[in-house]
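Below: one structure, written as structure tokens.
Bear in mind that the values in this text are calculations on the coordinates, not laboratory data. Predicted model, so just to flag it, every value in this text is computed and none were measured. In this analysis, Cβ positions are derived from the backbone assuming ideal geometry, glycine residues included, and neighbour counts consider all displayed protein chains.
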Amino acid sequence: MNESRPGPRLELAVGDITTEQVDAIVNAANETLLGGGGVDGAIHRAAGPELLAHCRTLDGCPTGQAKITPGFRLAARWVIHTVGPIWHGGHQGEPKLLASCYRESLARADEVGAHSVAFPAISTGIYGYPAAPAAKIAVATVQSATTDVELIRFICFNNDACAAYEAALSD
Ligand code: ADP
């Protein structure tokens, strides 16, 4: 770890995370790690059945933590599976758990030497976390993280998510 290194460069893009040409893409998974809807389903479809077979060996993942697998048929060499909190109104530890997802994902990236990482808007789909506070946590957490990751791309699937990141990045 080079303590004098500046933090990661942040980029915002609209699109499908499964086509990202980065070292690692992050999956917004559920605690079983056995696939689901949304971005999780898209990543499993694009990576191929080897990904599910590998995930079966991992014994799930607690909310706020992250586990890493190969990317199999993806352009990305790695998939970092993290489990975001389900939104229950914001008073059940959701912000801390969401921040932990970003920190733990970067820790897994550092462990394998991944220097570029693409994140989806974790928890903001099926798990119901409102886009604006989720984007603020995403940006603030990666900006304050101690990591060797050099490039972080936030991938927005739609314009609402994008506007939330634009606001968070201009704060
Ligand atoms: P969660 O269960 O954590 O809420 P979802 O997959 O339902 O996970 O949604 C997380 C975010 O990922 C949402 O903003 C959703 O629009 C977005 N998303 C869904 N599919 C993709 C994709 N292929 N690439 C990037 N983002 C995606």
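Sorting the segments 159-166, 8-15, 115-122 by their residues' average number of neighbouring beta-carbon atoms within 10 angstrom, most packed first, yields 115-122, 159-166, 8-15. Taking Rh as the Kirkwood radius, which is the inverse of the mean 1/r over Cα pairs, what is the Rg/Rh value for region 1-68? Rg/Rh for region 1-68 comes to 1.04. Using C-alpha pairs under 8 Å with a sequence gap of at least 6, the mean separation divided by the residue count of the chain gives a relative contact order of 31 percent.
How big is region 57-171 by the Kirkwood estimate over distinct Cα pairs, in Å? Can you show the working numbers first?
Working: mean 1/r = 0.0693 Å⁻¹.
After inverting the mean inverse Cα-Cα distance, the result is 14.4 Å.
With pairing defined as another cysteine C-beta under 4.7 Å, the cysteines of the chain that fail it are C55, C61, C101. Dipole check for region 23-171: with +1 at the C-beta of Lys and Arg, -1 at the C-beta of Asp and Glu, and the Cα centre as origin, the magnitude is about 240 Debye.
What ranking do K136, K67 get, fewest neighbouring Cβ atoms within 10 angstrom at the top? Show your work: numbers first, answer last.
Numbers: K136 18, K67 21.
With the sparsest Cβ surroundings first, the list reads K136, K67.
Modelled label-to-label distance, L58 and E11, 7 Å Cα→beta-carbon offset: nm? That separation, rounded to one decimal, is 2.4 nm. When peptides 24-30, 56-62, 126-132 are sorted by average Cβ neighbour count within 10 Å, with the highest value leading, the order is 24-30, 126-132, 56-62.
Residue exposure proxy: D16, D40, D171, ordered by other Cβ atoms within 10 angstrom of their Cβ from fewest to most, comes out as D171, D16, D40.
Quick one: among V112, V79, V142, which has the greatest mean-square fluctuation in a GNM of the chain with alpha-carbon springs under 10 angstrom? Looking only at V112, V79, V142, the biggest GNM fluctuation is shown by V112. A full extension of the chain between I126 and T146 corresponds to an added length of 4.2 nm, given 0.36 nm per residue minus the alpha carbon distance.
Here's the picture: charge each Lys and Arg Cβ at +1 and each Asp and Glu Cβ at -1 in region 30-115, and of W87, F72, L98 the one pushed furthest to the positive end of that dipole is F72. Between Q21, Q143, Q92, the residue with the greatest mean-square fluctuation in the GNM of the chain (Cα pairs under 10 Å linked by springs) is Q92.
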